[in-house]
Amino acid sequence: MANLRIEQLNKRYGATTVLNNVNLSIEDGEFVVLVGPSGCGKSTLLRMIAGLDGASGGDIHIAGKLVNALAPAERGIAMVFQSYALYPHMNVRKNMTFGLKFTGVPPTERERRVAEAARMLRLEELLERYPRDLSGGQRQRVAIGRAIVREPAVFLFDEPLSNLDAALRVSTRVEIANLHRLLKSTIVYVTHDQVEAMTLADRIVVMNKGRIEQVGKPLDLYYEPANLFVAGFIGSPAMNFFEAEVEGIEGGRARVAGTAFRNLDIPAGSLKVGDALTVGVRPEHLVRGEAGFFAAEGVVELVERLGEASFAYLRRVDGRMFVAEVRGRQTPAPGETMTLVAASPDVHVFDASGLRVAT
Amino acid sequence: MPEPVSNITVQMPRAKRAGLLLFFLGPAVAIYSLFSIYPLLATMALSTYTSDPSGARSFVGLANFETLLGDALWSKPFWNALRNNLIFFAVHMCVQNPIGIALAGLLSLPGVRLKGFYRTVMFLPTMLSVVIVGFSWNLILSPLWGVAAGALKAVGLGSLFAPWLGLESSALVTLSLISVWQFVGIPLMLIYAALLNIPEELIDAARVDGLGQFRIFFHIKLPLVLPTISLVSVLTFVANFNAFDLIYSVKGALAGPNFTTDILGTFFYRTFFGNQLQLGNPTMGAAVATVMFFIILLGLCLYLFLVQRRIRRYAF
Amino acid sequence: MTTDQRARSIGVHLVLIAYSLLAVGPILLVVMNSFKVRSAIFGSPLALPDASTFSLVGYEKVFRSSHILTYYSNSLIVTLVSMALVLLFGAMAAWALTEYRFRGSTALALFLSIGIMVPIRLGSVAILNMMRSAGLNDTLTALILVYVAQGLPMSIFILSEFIQQIPKDLRDAARCDGVPETRIFFEVVAPLLRPAIATVAVFTIVPIWNDLWFPLILTSSDSTHTVTLGVQQFLGQYITDWNSVLAALSMAILPVVVIYVILSRQLIAGLTSGAVK
Ligand SMILES: Nc1ncnc2c1ncn2[C@@H]1O[C@H](COP(=O)(O)OP(=O)(O)O)[C@@H](O)[C@H]1O
Ligand SMILES: [Mg+2]
């Protein structure tokens, strides 16, 4: 168990920059999830922590020790891969003990660790089987078991659930959360699925194009996204955005106007007249009403019924679409004109550079 | 060969990395360099020397090549062998590869049974030694045994029979066809494999579009396996220069009748080792080998510049 | 199935059967007649041997007047040792070239691929000189060295394709597990290369077993002849003795056919795995 510190980490492949000045500090025992769109550099970051890829610049410390020059096995990490990466020609037991042979763990100790991991992961019955005779979920558990027996300081998971079907994904998610409670070890977990990120993480790291956009507790990211990217990435369906402009400033308050919603007032702060802004409201925060802090109108074009809620897709006056969640059995009909309002805490405003503006 | 995938060596200490690479690459590179590349270079170097009867060697520059290409005593058999080689190659391209493609096409049709059996049987001759194959056909086509003559007579074509391997006009083509018979398995298998790689859905889509099997083959499958066909052509071209065994075992080093089956391989052998008619001449042999090397190089360059560039590989 | 489809299917099978007959007919003919008395070979070449025509006189002659067993064992030694080395060194080199990033790896790969296109035979003059001066003339060692050099480029090419199909994560998992690089190769990668052996065998091992050229120029005594060369010389000597000739041919054919039939499934699976593109 150990903390993890990443400083000024850079990774370039030729002319393309894959990681750009990444700084991140992870506490001992923390469950940190790296989330971001596909290709943003999550796996690259994880592989660099593991020592599978070298850095173009910057430092990685594990348990206070600079590990830049250490081989993966010397860093005290264990990694679980998306493809599970089980050795196909070794049975489950051998899969788990194979690595221990080379790191000087005596045979009796190996057996003890395997037995314990097998018990924890309900693998006792499967120890003599080969990977080809296991189901997807079982393979996943073996892969985790192989990581556990190494008793690493830091666990690294790279999209471990993305090859499982939906139901298994949910139950394995719960299992991984339990495991973390049990082992109390530091975990860095990569996913592109924000539900996984929200449910598992102590802290989430949102990445985009090789940069860290925001680090924070799951609900902080949801309620106070630091920028447009995080606002749009966290939450499903995604947050609605409306173009806006500062129309006037009076008495410390700025009047924000846009074509597709009614004017609203926010603290002026350092805003100037004519500044371009973006106003964001989540679909689940929009309710039918007449007047509110925020109000927008639209013509219903399509309704998606999910059961507990429905999503109405509305055409705004500026021709773009936005989405509103509608609860209950009564759903609006296509063609209907609706006015939707939201309360002040649920309205997010971003400046021209995408950064959050206090409301 | 594609880009290496792992960066693990980049982080390693220099000495450790060098040791690792030496361990993995050392044996292969050493044996290959010593027994393949070095002899090739040494042969080329030797081709610029001549040796007198006492065995002493002296540098003569390009004189051996002037002799080979200019002196009628040498140039006539050389051009004859080259021409025969090209005929040998042409027969393979025009007979072996189309037959291979056609059989692969038939085998890859949906719902054909006994595929495994056909494949095994059709590939069998390819596994045998050229010497054995050549000699077996020599017996079968021999008028002494009369099997071929008998077979033709049985289908009413008895008058067509001739001792093909013995006639100046037909010996070379007959030998080429024997080689085709033996090696048809290579294009057959490679193209069959390529055809198997075409996704089933693509073929189903074409069938839904109303294309018959024949059209599917010519308009969809064939264009998609073109890269494999071009690979097969290169293999055929290179194998052409290894075709010594067949001629030597059926016709001997003299490649009779009257040198009509002489190819560069047998010419090289005679020049190097000599035979009943002449003494062996290693330096001239080296010159012949060098010329063969440049002919192969020329062929490969022509292929790369004229053919390869126009062939597109499609990703599925 | 419609009548039309059935007719087409029959047509397809007729073509395939006809070609199959053409492919095995000559081989069957030779083997069949090798078991007959001379008069039957000429009298009814297409008939199977029966009680009155059966004879092993050709085989007796081959055993008596040639060292066929020595030839077999030479061929076996040369082929098996070459195969082991081609596979081992080829796989090791293919691994390093496909896995490790190092300066000059592309150039080295190109250098190694020269041997795929340029027949090593062209260097025969120098090879013979080298072997003579190293005292390896007329030894099986000389043949093995040449064959390994000849087989390596193609086997490296084929094995590289196979190694790339092994998931990258597997090697990285082993690295995280603390497995040393050499052990990753021998204990994780090499066992997974078994399907590649068949493909390598067809393209590099079969040509070794069947080769005439190098035994012809590098070996001179009966004790180092291979089957191909030994039978070739026997045939030349006894050209008019049809029983012996057919028997010698059959003895060269039969072991290959038997092994081929046993292994054909793997061989063909290897060939059609798409590793040679
Ligand atoms: N070996 C490489 N060479 C060049 N670019 C690479 C290499 N590996 C990854 N990349 C690029 O780095 C980016 C980040 O990749 P990755 O970390 O796998 O993304 P993620 O896991 O977030 O989906 C991608 O755009 C990818 O194309
Ligand atoms: Mg990834």
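Data table
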{"item": "Bridge type composition, chain A - antiparallel percent by DSSP, nearest 5", "result": "80"}
{"item": "Spin-label model distance (nm) - B:Leu222 vs C:Phe63, 7 Å beyond Cα toward Cβ", "result": "5.5"}
{"item": "Inverse mean reciprocal Cα-Cα distance (Kirkwood Rh) of the protein assembly as shown, Å", "result": "33.7"}
{"item": "Chain A, relative contact order in percent, only Cα pairs under 8 angstrom and at least six apart counted", "result": "15"}
{"item": "In degrees, nearest ten, helix A:136-148 long axis to first principal axis of chain A (Cα)", "result": "70"}
{"item": "Residues in segment C:211-232 that a label on C:Ile259 would reach, taking backbone N under 16 Å of a point 7 Å out along Cα→Cβ", "result": "C:211-212, C:226-231"}
{"item": "Relative contact order (%) - segment C:28-175, alpha-carbon pairs under 8 angstrom, separation at least six", "result": "28"}
{"item": "Helix C:124-133 axis, angle to chain C major axis (alpha carbon atoms, nearest 10°)", "result": "80"}
{"item": "Rounded tilt (10° steps) of A:107-121 against the dominant C-alpha axis of chain A", "result": "30"}
{"item": "Dipole moment magnitude, nearest 20 debye, chain A about Cα centre, only Lys, Arg, Asp, Glu C-beta charged", "result": "1300"}
{"item": "Whichever lysines have a C-alpha closer than 30 Å to that of B:Lys76, once near sequence neighbours (fewer than 8 apart) are set aside", "result": "B:Lys251"}
{"item": "Under 30 Å from the Cα of B:Lys115 - lysines, other chains or at least 8 residues apart", "result": "B:Lys221, C:Lys277"}
{"item": "Size of the C/B contact, given as accessible area buried on both chains, probe 1.4 Å, in Å²", "result": "9100"}
{"item": "Average beta-carbon neighbours from other chains, 10 Å sphere, peptide C:190-202", "result": "1"}
{"item": "Distance (nanometres) between label positions extended 7 Å along Cα→Cβ at C:Ser44 and B:Lys115", "result": "4.1"}
{"item": "Bins of 10 Å, starting at 0 and running to the largest distance - Cα pair percent for segment A:108-203", "result": "14, 50, 31, 5, 0"}
{"item": "Sites A:Ala343 and C:Ser113, calculated FRET efficiency, Cβ-Cβ separation with R0 56 Å, nearest 0.05", "result": "0.20"}
{"item": "Part-to-part distance (alpha-carbon centres) for segment B:126-185 and segment A:284-350, which is given in Å", "result": "85"}
{"item": "Net charge, A:Gly274 excluded, C-beta distance under 9 Å - Lys, Arg +1, Asp, Glu -1", "result": "-2"}
{"item": "Using a Förster distance of 51 Å, the FRET efficiency for A:Glu7-A:Val170 (Cβ separation, nearest 0.05)", "result": "0.90"}
{"item": "Computed FRET value (nearest 0.05) for B:Leu69 with C:Ala84, which takes r as the C-beta separation and R₀ as 35 Å", "result": "0.20"}
{"item": "Sum of -39500 (n - 2.57) over DSSP H runs of 4+, divided by residues of the protein assembly as shown (222 nm, nearest 500)", "result": "-15500 deg cm²/dmol"}
{"item": "Extension gain from A:Asn23 to A:Arg305, taking 0.36 nm per residue of separation minus the Cα-Cα distance", "result": "97.3 nm"}
{"item": "C:Val24, A:Val174, ranked by accessible area, largest first (probe 1.4 Å)", "result": "A:Val174, C:Val24"}
{"item": "A:Leu182 accessible area, assembled protein chains, probe 1.4 Å, Å²", "result": "110"}
{"item": "The protein assembly as shown - share of DSSP beta bridges that are antiparallel (%, nearest 5)", "result": "80"}
{"item": "Residues of type lysines that A:Lys65 reaches as a straight line, Cα spacing below 19 Å, ignoring anything fewer than 8 places off in the same chain", "result": "none"}
{"item": "Net charge over other residues, Cβ less than 11 angstrom from the Cβ of B:Arg207 (K, R count +1; D, E count -1)", "result": "-3"}
{"item": "Estimated dipole of segment B:83-261 in Debye, rounded to 20 [Cβ of Lys and Arg +1, of Asp and Glu -1, Cα centre]", "result": "240"}
{"item": "C-alpha center-to-center spacing [segment C:80-110, segment A:192-248] in angstrom", "result": "48"}
{"item": "Shielding by partners, peptide C:106-118 (average Cβ within 10 angstrom, other chains)", "result": "4"}
{"item": "Per-residue SASA entry for A:Asp133, accessible area with 1.4 Å probe, Å² rounded to 10", "result": "80"}
{"item": "Formal net charge of residues neighbouring C:Leu271 (Cβ-Cβ distance under 12 Å; K, R +1; D, E -1)", "result": "+2"}
{"item": "Cα centroid separation - segment C:113-162 against segment A:109-137, whole Å", "result": "48"}
{"item": "Cα gyration tensor, chain C - rounded (a/c under 1.5), prolate or oblate", "result": "oblate"}
{"item": "Mean Cα-pair separation over length for segment B:83-261, i.e. relative contact order, pairs under 8 Å, 6 or more apart, %", "result": "36"}
{"item": "Shielding by other protein chains, C:90-103, mean Cβ within 10 Å", "result": "6"}
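The values are calculated or read from the model by the stated rules, or taken from the named source; none is laboratory data. Predicted, not measured: the structure shown is a model, and the values here were computed from it. Glycine gets a Cβ as well: all are built from the backbone with ideal geometry, and neighbour counts include every protein chain shown. Keep in mind that these areas ignore ligands, DNA and RNA; they rest on the heavy atoms of the full protein, side chains included. Shrake-Rupley method; radii C 1.70, N 1.55, O 1.52, S 1.80 Å.
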